[in-house]
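A short worksheet on the structure shown next.
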Amino acid sequence: MIGYDAGNLVFALSAAVDTLLLSVAVVWAVRGEPVPVRLLAACAIATVLLAAKGIALLELGVSVPFGVMHVLWLDLVVAIPLAAVLLLAGDYHQGAGHKLGEELPALRSLMRRLDAPGGVFAVQGDVESVAETRQVMAGTGVQVLVNEVERVSVGDRDVSIAGIALAYWSRAVGRTLAQLEQGAGDGDVRIALAHRPDAVRRLPTDTRVDLTVAGHTHGGQVQLPLVGPLTISSRVPRRVGAGGLHELDGRWIYVSRGVGAERAQAPLLRLGAVPEVSLITLR
């Protein structure tokens, strides 16, 4: 039988091992595709390892039933909640409706300062509706695109820009991307502008679209060394959701980390995901 002081040490070490094991399992599960299959595999492996650890504890002299109950209790109140923290940052609403009205003058003032030779274009995000997006941009010169393709000239180049709606899985988005893909011309630059980076998966691997530009992930908002973002609220690979320029099976995508932070239930912090306003040069 383990003594009182030694027992406390064993229980503390047990909780630490379980927390580490469950955290590693969660991180591994969500770092690849398909997540459900990887999560089931992670649960199976974690169960086997936890069972082996439990047998080792019994061999060390942990009592039955109270010692076992103590281990299970620590897992429920320590190990599992700590592992679940890895999935906190999500895509939550960032303010009540009346706040938008209060901030409209400041937002429009900021948008009026944006200027580009070919125009300024915007799409709807998760926080606001299409109507609210148009309300913010009204009178600013910023054009809101909702499943539309706009063609502009910049210098001696033609640029086709498709504004992708939030429901990237919809038939309407499919038609918009097909219009961008199949448009006439060989020398133009073609850009898909979307809030959620998942829209890039709707493009074929031999796509004619030169670049998809997206946001949504905040770069994970919290990135750890060697681990990367803990969550990106997207089904694209985590290296893509972390932000920056990436090639995804022949499709180029730039994911901006933006400058904000999630609100509501999400922690108001950014760690390792440096805020950014990006300037991309197309050649």
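Taken together, the values in this text are just the output of simple stated rules run on the coordinates, not laboratory data. Treat the numbers as computed from the prediction; the structure is a model and nothing was measured. Cβ sites come from the backbone with ideal geometry, for glycine too, and all protein chains shown count toward neighbours.
Quick one: in the stretch 133-163, which of the residues that are touching a Phe, Trp or Tyr at 6+ places or on another chain (Cβ under 6 Å) and in a strand (DSSP E or B) is surrounded by the fewest Cβ atoms within 10 Å (Cβ to Cβ)?
GLN143
So which of LEU166, LEU177, LEU107 is under 21 Å from ASP210 (Cα atoms) and in a helix (DSSP H, G or I)?
LEU177
Given (1) surrounded by 15 or more Cβ atoms within 10 Å (Cβ to Cβ); (2) closer than 23 Å to ALA261 by Cβ; (3) free of Cβ contacts under 8 Å to residues at least 40 places away in the same chain, identify the lone condition not met by ALA106.
Result: ALA106 passes all but (1).
In this structure, does GLU128 turn out to be in contact (Cβ under 8 Å) with a residue 24 or more places away in the chain and either touching a Cys at 6+ places or on another chain (Cβ under 7 Å) or within 21 Å of TYR254 (Cα to Cα) (or both)?
no
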